[in-house]
Amino acid sequence: MHVRLAAGGDAGAISDLLAISFMGDPVNKWIFPNSDDRKRLHPAFYQIFVQQAIAEGEVYIAEDFAAAALWLPMKAQDSSEERNTDPGFEEAIGSHYAARFLALAELMDKNHPRQTAHYYLPFIGVRPEHQGKGLGTALLQRHLSYLDAGGVPVYLEASNPSNERLYAQLGFELLGPLSLPGGPTLQRMWREPQPA
């Protein structure tokens, strides 16, 4: 599998990949209940995350934009420290949807483990026509091997049960659920570095 590190010029294509990959995701349906709005606003929504990950972490692309994974390094910090949420969401997706997303972001942030430095996987997406071929798993395993060698744990929130099962097979353990008001439940998952 051909994998490369993304650069700034890749942000648009990666945003489009994530936009289409997450069209049917339960959490995205909760943020954007109207499917036409979801389709229209998804690229701008994901662009914010992609640009942050390219600037502050790593984004890996597989098979010429068939799949991508965003990784952010997280320092250990006091749970009382203020964390900023990008104000660009309102401009990108409008005040109504931004308010829905920011409610989710606040819930996720409040429950994000902070006591240990780790890597955070906010998104991994595979284009629908490439799903079920193992691309996402291979992309995950590639970076997890690197993090294992460095003794670095990983955190994520699984947004659907099938992904939760995949993450469990890769060594992630459940930390507990996050339930959205009137919406789906995400599963918080943590992975300690695995021995070689």
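A few remarks follow.
- Cross-chain or 6+ apart pairs with Cβ under 9 Å, region 6-24 first and under 17 Å from residue 131 (Cα atoms), then among the charged types (D, E, K, R) and open to solvent by 50 Å² or more (accessible area, probe 1.4 Å): 17/127; 19/39; 20/39; 20/127; 21/127; 23/29; 23/39
- Scoring residue 125 on the criteria (1) surrounded by fewer than 17 Cβ atoms within 10 Å (Cβ to Cβ); (2) not in a loop (DSSP other than H, G, I, E, B) leaves a single failure, condition (1).
- Selection status of residue 69, in contact with an Asp or Glu (Cβ under 9 Å, 6 or more places away or on another chain) and not in a helix (DSSP H, G or I): yes
- Annotation: of all residues in region 1-46 being of a type in the set (Phe, Trp, Tyr) and not in a helix (DSSP H, G or I), the one that is nearest to the chain's Cα centre (by Cα) is 22.
- Taken as a whole, the structure leaves residue 188 outside the set of residues that are charged (D, E, K, R), farther than 20 Å from residue 70 by Cα and within 18 Å of the chain's Cα centre (by Cα).
- Filter result for residue 164 (part of a helix (DSSP H, G or I) and in contact with a strand residue (DSSP E or B) (Cβ under 6 Å, 6 or more places away or on another chain)): yes
- Scanning region 82-95 for residues that are part of a loop (DSSP other than H, G, I, E, B) and either open to solvent by 90 Å² or more (accessible area, probe 1.4 Å) or at pLDDT 90 or above (or both) yields 82, 84, 87, 94.
- Residue in region 136-154 that is crowded, with 18+ Cβ neighbours inside 10 Å, of a type outside the set (Phe, Trp, Tyr) and under 22 Å from residue 101 (Cβ atoms) present: no
- Residue match in region 58-79 (condition: without any contact (Cβ under 8 Å) to a residue 24 or more places away in the chain and open to solvent by 20 Å² or more (accessible area, probe 1.4 Å)): no
- Summed over region 38-57, residues that are surrounded by fewer than 21 Cβ atoms within 10 Å (Cβ to Cβ) and in contact with a helix residue (DSSP H, G or I) (Cβ under 7 Å, 6 or more places away or on another chain) total 7.
- Among the residues here, residue 98 qualifies as without any contact (Cβ under 8 Å) to a residue 24 or more places away in the chain, among the aliphatic types (A, V, I, L, M) and either part of a loop (DSSP other than H, G, I, E, B) or crowded, with 17+ Cβ neighbours inside 10 Å (or both).
The values are calculated or read from the model by the stated rules, or taken from the named source; none is laboratory data. Only a predicted model underlies this, so the values are computations on that prediction, with no experimental measurement involved. As a convention, Cβ positions derive from the backbone with ideal geometry for all residues, glycine included, and neighbour counts pool all protein chains shown. We work out accessible area using only protein heavy atoms, side chains counted, and drop any ligands, DNA or RNA first. Shrake-Rupley method; radii C 1.70, N 1.55, O 1.52, S 1.80 Å.
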